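Some notes on the structure that comes next.
The values are calculated or read from the model by the stated rules, or taken from the named source; none is laboratory data. Keep in mind that this is a model prediction, so the values were computed, not measured. In this analysis, Cβ positions are derived from the backbone assuming ideal geometry, glycine residues included, and neighbour counts consider all displayed protein chains.
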Amino acid sequence: MDMSGMDRTIPQNLQVRSKNLRYLKVGGLIMLVVVALFGFRWILKPSINLEKLHTAVAEIGAIEATLSASGTVMPLYEQVITSPISARIKSVSFLSGDPVKSDQSILTLDFESTLTELEKLKDQQSLKNNSARQMQLQLEKDLNQLKNQLEVKKLQIASLQSLLRDERHLKQIGGSTEYNVKTAQLNLEIAQKEAALLEKQIDNQQELNLVDLRGLGFEINILDKEIAEIERKIELAQVTAEQAGVITWINQNIGAAVSEGEVLVKVADLGSFKIEASISDVYADELSNGMEVIVRINKTDLRGRITNIYPAVDNGIITFMVQLDQPSHELLRSNLRVEVFVVTSFVDQVVRVENGPFYNGSMDQKVFVVEGSKAVRRNVELGVSNFDFVEIKTGIQAGEEVVISNMEDYDHHTEIQIQ
């Protein structure tokens, strides 16, 4: 049997055509699988368990737009007592947390060195007073000498005036000469000028006396004030409370040296409080004194107003003080951390829904609304918001149930079945 026909070589163009045909079949099969998978994904409607959804019913109401901040409860009144002198702590009568009454002694300072300084100043005061007395006596003596010289000179002038009259009379009757008359006239003029000079010296001396005594008096007055100030500080060395309260801090290191102005004790009235709040400096232009503030403690809201905004910015943070309408509320505790919300605007009679993870801060969002057994995605326009509510301007009516859970995983779906 002839087998030569079975060993014939297949033409090259047929081999290439056969290979391309196989590639097309494989590629078509892969595309069919991909299309089938995507088609199944889009045809199959997603579902979600009702228990995983958090929903809220839209309603008509008011919204206060707010800025979020953090705050700390602080005593409304706190007395900070500093050391009036450089001294050592001699004794401590109370500890931190102890209640004290008004004018009750809290701490005593050892002021022996201050007493020594006081004695030195008093010695200087005595010396200055003695010097002032001696100066006054000497100045009065010098002034009196000038006045006596002036009196003598006036008597001399009177005598020379009489002599001049006599010489003139004698000259008229031939008993004297013109020379004698002129000599008497010259002597009188010299005495009169000397008297005028003495009067001027007396005036100058009186003015100098006043200046010298006034200067020494200033020095004595300064010493008197220094002595009075040290005596006042010594009285304050017995540290007492100006008002009843609780000691929040005290330097209880007996024997420790303290400088003048160093804090010794802090006494707070724990019956009334204020809030020290902080917020990002991004909102600096939106803050002003008098703005209404809401302070939230657990689930209780307390109202107040901004009373002081500190000008300094620390690490991008602005600090401001809040005065509460109820500073003695039972929930207030010193150093308690609280939420603070600054009210920036107010709208009333708007559609609102409870704030939740669905809200990302954008004005235009896609939100799911419950319609029967499914949640349908809608495009809505949002307005102002606060920590409780978000305003809905368009897209949702009052009475509709809104999904407020985070629905990012379903962004590509227009509706979801609710199981």
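In the set (1) surrounded by 16 or more Cβ atoms within 10 Å (Cβ to Cβ); (2) under 30 Å from Ser91 (Cβ atoms); (3) not acidic (Asp, Glu), the condition left unmet by Gly271 is number (1).
Looking only at residues of region 310-339 that are hydrophobic (A, V, I, L, M, F, W, C) and either in contact with a Ser or Thr (Cβ under 6 Å, 6 or more places away or on another chain) or surrounded by fewer than 15 Cβ atoms within 10 Å (Cβ to Cβ) (or both), we find that the one that is nearest to Glu59 (Cα to Cα) is Leu331.
In region 372-419, the qualifying residues are those that are in contact with a Leu (Cβ under 7 Å, 6 or more places away or on another chain) and in a loop (DSSP other than H, G, I, E, B), and the one that is surrounded by the fewest Cβ atoms within 10 Å (Cβ to Cβ) is Gln419. Identification of strands (runs of 3 or more DSSP E) wholly contained in region 226-327 with 1 or more residues that are at pLDDT 90 or above yields 245-250, 263-268, 273-280, 292-297, 300-314, 317-324. Restricted to region 359-371, and to residues there that are more than 38 Å from the chain's Cα centre (by Cα) and under 29 Å from Gln419 (Cβ atoms), the residue that is surrounded by the fewest Cβ atoms within 10 Å (Cβ to Cβ) is Glu371.
Evaluated against (1) outside any helix (DSSP H, G or I); (2) touching a residue at least 12 places away in the same chain (Cβ under 8 Å); (3) surrounded by fewer than 17 Cβ atoms within 10 Å (Cβ to Cβ), Ser176 falls short on exactly one condition, (2).
Only a single item in (1) outside any strand (DSSP E or B); (2) of a type in the set (A, V, I, L, M, F, W, C); (3) in contact with a Ser or Thr (Cβ under 9 Å, 6 or more places away or on another chain) is not met by Ala158, and it is number (3).
A residue that is surrounded by 12 or more Cβ atoms within 10 Å (Cβ to Cβ) and either acidic (Asp, Glu) or in contact with a strand residue (DSSP E or B) (Cβ under 8 Å, 6 or more places away or on another chain) (or both) can be found somewhere in region 217-224. You will find that of Phe346, Phe389, the residue that is touching a Lys or Arg at 6+ places or on another chain (Cβ under 6 Å) and either of a type in the set (S, T, N, Q) or touching a residue at least 40 places away in the same chain (Cβ under 8 Å) (or both) is Phe389 and no other.
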